[in-house]
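Scroll down for the structure; my scribbles are underneath it.
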Ligand code: 5GP
């Protein structure tokens, strides 16, 4: 499994300007690297046509298969600085050797107004930040690897990490795990199918709940 981000594709026609649409909501998926998050995110996007992926901006270089505007907006550190100064980010974080990642307010708000549910695949601090801004409008789910050993094994199996980044990701994963109990829900990914079933049911009821408000 690779850790590249997932994109939604457009399955539903865009609502027109004149449509009266109910504001959408936010689903935040957080998992330490190697916990299966990318696969789960892809499946959610596939199963819920009203869900769209939040494409973040980042200063890290694209991986070979990644597409600008679909996986990330790949921007320069200068462009990132300028966006920070213009207060264009809902949240942003810096990690892995100075690389920065941020979610753009304009993109998120535009889709929420159109009634879409926005799926965030971000790290723990950004997730907490968004949850504190959106409260009940956001569902924050933490996907936990069953054990440290499994986490290490999954990271190694990806084969995309040097020893140095493997260690960085591992340290970060351990830090992220300490935040798990601050989330609305924690799901242990001991078995991908079981984990997805639980996630799907949580997301499904959150989306339906929102319709009755
Ligand atoms: P990667 O470089 O593997 O694509 O992502 C590294 C980490 O950055 C992942 O945990 C990913 O979820 C997180 N990330 C991606 N976009 C954002 C963002 O907009 N904000 C924050 N805070 N983290 C992000």
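The values are calculated or read from the model by the stated rules, or taken from the named source; none is laboratory data. Values in this document were obtained by computation on a predicted structure and should not be read as measured data. Neighbour counts are summed over all protein chains in view; Cβ atoms, including those assigned to glycine, are modelled from backbone coordinates with ideal geometry.
For residue 78, the test of being farther than 23 Å from residue 195 by Cα and more than 8 Å from the ligand (Cβ to nearest atom) is passed. Residues of segment 87-114 that are more than 13 Å from the ligand (Cβ to nearest atom) and either part of a helix (DSSP H, G or I) or touching a residue at least 24 places away in the same chain (Cβ under 8 Å) (or both): 106, 109, 110, 111, 112, 113, 114. Taking the criterion of being modelled with pLDDT of 80 or more and more than 30 Å from residue 118 (Cβ to Cβ), the residues of segment 137-165 that qualify are 147, 148, 149, 152, 153.
If you filter segment 185-201 down to residues that are out of contact with any helix residue (DSSP H, G or I) (no Cβ under 8 Å at 6 or more places or on another chain) and part of a helix (DSSP H, G or I), you find that the one that is surrounded by the fewest Cβ atoms within 10 Å (Cβ to Cβ) is 193.
When segment 43-63 is limited to residues that are near the ligand (Cβ under 10 Å from one of its atoms) and outside any loop (DSSP other than H, G, I, E, B), the one that is nearest to residue 201 (Cα to Cα) turns out to be 56. Quick check on residue 147: is it surrounded by fewer than 16 Cβ atoms within 10 Å (Cβ to Cβ), farther than 17 Å from residue 170 by Cα and away from the ligand (no atom under 11 Å from the Cβ)? No: the conditions fail for residue 147.
Restricting the first member to segment 43-72 and to residues that are without any contact (Cβ under 8 Å) to a residue 40 or more places away in the chain and within 22 Å of residue 88 (Cβ to Cβ), and the second to residues that are away from the ligand (no atom under 13 Å from the Cβ) and in a strand (DSSP E or B), the beta-carbon pairs closer than 7 Å and six or more apart or on different chains are 62/68. Does any residue of segment 101-118 turn out to be more than 30 Å from residue 209 (Cβ to Cβ) and at pLDDT 95 or above? No: segment 101-118 contains no residue that is more than 30 Å from residue 209 (Cβ to Cβ) and at pLDDT 95 or above. Of all the numbered requirements in (1) at pLDDT 95 or above; (2) farther than 20 Å from residue 131 by Cα; (3) in contact with a strand residue (DSSP E or B) (Cβ under 8 Å, 6 or more places away or on another chain), residue 88 misses one, and that requirement is (2). Candidates 156, 182: the one that is within 27 Å of residue 58 (Cβ to Cβ), free of Cβ contacts under 8 Å to residues at least 12 places away in the same chain and in contact with a helix residue (DSSP H, G or I) (Cβ under 8 Å, 6 or more places away or on another chain) is 156. For segment 161-179, a residue qualifies if it is outside any helix (DSSP H, G or I) and surrounded by 15 or more Cβ atoms within 10 Å (Cβ to Cβ), and the qualifying residues are 161, 179. Within segment 115-139, the set of residues being more than 20 Å from residue 32 (Cα to Cα) and free of Cβ contacts under 8 Å to residues at least 40 places away in the same chain comprises 132, 135, 136. It is to be established whether one or more residues within segment 124-134 are assigned to a loop (DSSP other than H, G, I, E, B) and surrounded by fewer than 19 Cβ atoms within 10 Å (Cβ to Cβ). The answer is no; no qualifying residue exists. When 142, 120 are checked against the criterion of being crowded, with 23+ Cβ neighbours inside 10 Å, assigned to a strand (DSSP E or B) and near the ligand (Cβ under 10 Å from one of its atoms), a single residue qualifies: 120.
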